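Structure first, then comments.
Just so you know, all these numbers are worked out from the coordinates, no wet-lab data involved. Everything numeric here is computed off the predicted structure, so don't read it as measured data. Virtual Cβ from ideal backbone geometry, glycine too; neighbours counted across all protein chains shown.
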Amino acid sequence: MAAFLLVGGCAGLVSCGTGGGAGARSSAFAADGGWSAQRLRHAGGVGHHRRMGTGYTSPPTIRNARIGALFDHDSGGDHFCTASVVQSPGKDLIVTAAHCIHGGRGRTYKSDIVFVPSYRDGVAPKGEWHVRRLVVDRRWIDSSDPDLDVGFVVLQPLGGRHIEDVLGGNRLGDDMGSGRKVKLTGYPSNGSEPISCHNVITRFGAHQLRIACTGFPGGTSGSPWLTGFDPVTRTGTVIGVIGGYQAGGNTPDVSYSAVFGQDVHELYLAATAQEGRR
């Protein structure tokens, strides 16, 4: 099993971290992690993708309510990334990109951040949820490896309630392969409403996924890739988040995600083990 680093109440497996970190996609460390010219050629380059999907303003639905913006301090602060609620035993867990909560090699954790689900036009109808712990892979901290650009956030209850009891949560999927249609939803840092797009994902090498969807600039890192949503059970499966190669992409029209394989599964287990701790 990989080593993990957690922060919050100094309960980490390795140590605690505080201070600033990176937030926007296409940040300076995005090309780290072994993406050589040879590896790019093997992955198929950046120009080979399916028909472009078109981004649109997301309506306020139950499916979208589990997705929110990450802000510095409160909803009046700077919005820097996106996250979403996933099912967990403690019902306090959200998933995002690792680079949203820790800047990677040579950098530190974000601090004093809140999750604001269903945020629109300056209004936080589902409250501002404070953070208890941040969870990323130790190897992300050591190397900024884009194949490990996934992170989890354990939230504090709000008003005595867990976030999953308030909003429900989607399942966390494993490597479900390419050719699957997903819905991508996130919060651009230059807007006040979420945007969505539907398209089919493709492979970008062994450990990365890619999707062609217009209009996903900075602020959309961490946006969930949701598939198989059932309107009866109101549940779908998150199989990726914007991140990975180039911290999610160096153009707003093509986005990437690390594959949710064994490393992400083990990271999820490490995060859920922290939910009951104070």
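Annotations for the structure displayed:
- Neighbourhood charge, 14 Å Cβ-Cβ cut-off, centred on Thr237 and excluding it, Lys, Arg +1 and Asp, Glu -1: +4
- The stretch 200-256 and the stretch 128-164 have Cα centres spaced 18 Å apart.
- Value of D in µm² per second that Stokes-Einstein yields for the stretch 108-158, Kirkwood Rh from Cα pairs, at 4 °C (1.567 mPa s): 102 µm²/s
- Local electrostatic count at Val123 - Lys and Arg +1, Asp and Glu -1, tallied over other residues with Cβ under 14 Å: -2
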